[in-house]
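For reference, the structure is listed below as structure tokens.
The values are calculated or read from the model by the stated rules, or taken from the named source; none is laboratory data. Fair warning: this is a prediction, and the values are worked out from it, not measured in the lab. Heads up, the Cβs are rebuilt from the backbone with ideal geometry, glycines too, and the neighbour counts pull from every protein chain shown. Just so you know, the surface numbers come from the protein's heavy atoms only, side chains and all, with ligands and any DNA or RNA stripped out. Shrake-Rupley method; radii C 1.70, N 1.55, O 1.52, S 1.80 Å.
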Amino acid sequence: MMDEITALLPGLLLHSPTYFLAVSDQEGSCVFANETFKKRFSLSTGSFEGITLQTAVHPDYFEQCTQALTHCLANPEAVESLQMRKTDKAGGGWAQWSFSAFRNGSGNIVGVCCLGHDLDDNENTSHNPKVLINRVAIAMDKMEDGLFILDRDWCFEKANSASEQIMGKTAQEMLGKSIWQVFPGTDGYAHVAQFRRAMDECVTVHFEEYRPDLQRWLTVVAYPCIEGITVFLRDTTARHQAQEQLLHSENKLRAILNSTTDNNVLIDPNFRILSFNEMARANMLHFFGRQVYEGDDFRNYLIQEIEETFYQAFAKALQGEKTELEWQLNFETFKVWFRFGYYPVYDGSGRIIGVSFNSTDIDEKKNAQQELRNSEHILAAIYNSTNDASCFVSPGRKILYFNKVAYEMMKARYGMPPKIGDDFSSYLIPELQREHKEHFKRALHGETIQVERSDGQDWYLFSLFPVYDSQGTLVGVAENANNITKSKQNELRVQMQNEKLRAIMWQQCHEVRRPVANILGLVQLLKTDGGTNGQYDEIHLQYLLQTTEELDAIIHRIVSQTIESDLPNH
């Protein structure tokens with residue numbers, strides 16, 4: 001009940017150094033007192049068990065006090081005002097008291113509110129009104145909350161400094177003037193009806209309103225008093241602005257949470273659901289067949305196979321540790337992959353007040369990953385089935401992939417096994433660095449490059465192919481190296497054979513034909529000059545000519561065959 005009372009009373013009275021305030025129940029027992037009351041009447045404990053309001057009153061005035069309390073309970077709209085002597089332990093003297101019925105937040109009467117202040121001091125200020133008035137004025141001006149008193153003609157009798165600041169008027173502008181004159185045109189405001197009710201019905205009113213003319217939110221309490229009404233007011237604009245900002249932030253956060261495909265549930269340490277987003281509501285209805293409500297026990301929405309993991313991660317989150325994991329849930333007719341997250345939630349003071357449970361359907365992603373893995377296995381099998389050394393290199397020349405042949409070749413050639421992410425240029429001999437850089441640049445522009453180079457021992461065919469993704473974006477270069485040493489050796493062997501054939505052909509064309517030419521010339525000479533035995537020489541010369549022509553034909557045939565064997569190399 002203490003919390004409810006303090007919530008209904010203005011801070012000005014709760015913390016006033018001048019006014020002693022107490023609230024009794026309907027039996028007259030004290031259920032609340034402010035610090036000034038406790039100090040003035042020597043109450044050293046916060047417990048009021050067995051203490052009555054008569055504790056603060058001289059025994060001669062017990063009956064008057066009891067009658068005032070009884071009258072307020074019987075007449076909830078009445079205000080009783082009395083001057084009574086204080087108890088001896090309070091230093092004696094006189095006090096001015098006001099009594100009115102006290103209502104709870106629901107408007108039900110639960111006791112009596114008693115407000116008092118001293119009328120004298122050690123110099124008997126009850127007989128020195130000037131001293132009393134000055135002391136009250138000083139106390140009023142020290143108040144943080146605004147306070148002013150309206151007489152029964154609605155004129156300002158008193159107004160403290162805080163009320164001047166809040167209402168934007170000086171005391172000179174207000175004192176002696178009607179509130180309706182000082183603040184004209186406010187007929188539609190809440191304070192008009194509330195002040196009239198407090199004055200006419202002698203009741204305490206408590207309300208809050210926004211004053212556009214002052215551009216302030218005000219929390220107001222008006223008490224009936226002998227003069228008319230005493231009004232306490234507090235500027236709560238900053239609190240309202242903070243609440244509006246908080247509400248705006250909450251609305252933005254809720255909009256963000258409801259726009260995501262993630263399921264978000266805020267759970268308190270006792271597993272009660274504090275809030276959830278729209279996706280969580282829809283999925284719980286889909287998977288569990290029932291509507292979720294704030295206040296539900298989240299354990300009702302757990303699947304048995306993940307209960308142990310949930311409790312472990314939940315306990316860690318309450319200790320400030322976040323947990324993320326992936327799990328495949330098995331429902332009756334289907335399976336779904338989810339990513340679960342458990343995150344601690346803190347209040348403004350840094351205290352953990354619950355756990356944010358986040359779950360994301362990653363089934364499609366998991367299936368895509370599995371398909372990708374299958375594709376990668378197939379691609380790796382293809383890559384590893386060739387004798388070419390193959391590497392996939394990023395535009396920044398970082399190794400993204402290599403097959404077994406490339407791995408073994410690089411390891412053997414450079415004394416270190418390649419790793420994904422290595423700079424590909426570190427696996428090239430210095431003599432090829434500059435040339436490769438130029439070829440790589442051309443491949444990044446979409447050109448296919450093929451060159452043959454020797455490292456001094458073996459011959460290789462280097463191929464650079466631009467690689468594109470499914471959207472046609474160039475994502476890297478495929479670098480292939482094929483050992484062509486054997487084919488190169490065969491090619492060189494053929495070239496050597498061709499050289500030999502060409503040498504033979506030259507010999508045949510020049511050296512063999514020369515004696516043939518001589519023979520032909522000799523025969524012609526014999527025919528021209530004649531011989532000793534014309535008939536015999538004629539026969540032999542005929543044979544010599546025939547043989548020479550046959551030899552010439554054979555030479556032509558050999559030359560022709562040699563040229564044909566050499567044609568593929570031209």
(request) Looking for whichever is at pLDDT below 75, open to solvent by 50 Å² or more (accessible area, probe 1.4 Å) and touching an Asp or Glu at 6+ places or on another chain (Cβ under 7 Å) here; the options are 514, 502. Which one fits? (result) 502
(request) Output the qualifying pairs, or none if there are none: Cβ atoms under 6 angstrom, residues six or more apart or on different chains, first residue in region 435-447 and over 16 Å from residue 475 (Cβ atoms), second residue open to solvent by less than 100 Å² (accessible area, probe 1.4 Å) and at pLDDT below 90. (result) 436/428
(request) Among the candidates 156, 232, 207, single out the residue that is closer than 27 Å to residue 101 by Cα, open to solvent by less than 30 Å² (accessible area, probe 1.4 Å) and touching a residue at least 40 places away in the same chain (Cβ under 8 Å). (result) 232
(request) Return the residue satisfying two criteria in turn: it lies in region 414-441 and is surrounded by 15 or more Cβ atoms within 10 Å (Cβ to Cβ) and either aliphatic (A, V, I, L, M) or part of a helix (DSSP H, G or I) (or both), and of such residues it is nearest to the chain's Cα centre (by Cα). (result) 424
(request) Among residues belonging to region 481-497 that are in contact (Cβ under 8 Å) with a residue 60 or more places away in the chain, under 22 Å from residue 410 (Cβ atoms) and open to solvent by 40 Å² or more (accessible area, probe 1.4 Å), point out the one that is farthest from the chain's Cα centre (by Cα). (result) 483
(request) Please verify whether region 452-461 includes one or more residues that are more than 16 Å from residue 389 (Cβ to Cβ) and open to solvent by 50 Å² or more (accessible area, probe 1.4 Å). (result) yes
(message) Every residue in region 190-230 that is of a type in the set (A, V, I, L, M) and over 28 Å from residue 83 (Cβ atoms), please.
(response) 190, 192, 193, 214, 218
(request) Look through region 19-44, keep the residues that are part of a loop (DSSP other than H, G, I, E, B) and crowded, with 16+ Cβ neighbours inside 10 Å, and return whichever of them is modelled with the lowest pLDDT. (result) 43
(message) For region 81-88, check the following and say yes or no: at least one residue is at pLDDT 75 or above, closer than 18 Å to residue 102 by Cβ and not in a loop (DSSP other than H, G, I, E, B).
(response) yes
(request) State all residues of region 350-371 that are at pLDDT 80 or above and among the polar types (S, T, N, Q); if no residue qualifies, say none. (result) 356, 358, 359, 360
(message) Here are the criteria: (1) in a helix (DSSP H, G or I); (2) modelled with pLDDT under 75; (3) under 17 Å from residue 113 (Cα atoms). Tell me which single one residue 64 does not satisfy.
(response) (2)
(message) Show me the strands (runs of 3 or more DSSP E) found entirely inside region 237-344 where at least 1 residues are at pLDDT 85 or above and open to solvent by 50 Å² or more (accessible area, probe 1.4 Å).
(response) 273-276, 323-330
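Results for (1) at pLDDT below 75; (2) crowded, with 21+ Cβ neighbours inside 10 Å, shown as yes or no for each residue.
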site	(1), (2)
68	no, yes
103	no, no
132	yes, no
150	no, yes
(request) Filter region 210-223 for residues that are open to solvent by less than 20 Å² (accessible area, probe 1.4 Å), within 23 Å of residue 241 (Cβ to Cβ) and either without any contact (Cβ under 8 Å) to a residue 40 or more places away in the chain or in a helix (DSSP H, G or I) (or both) and give the result. (result) 211, 220
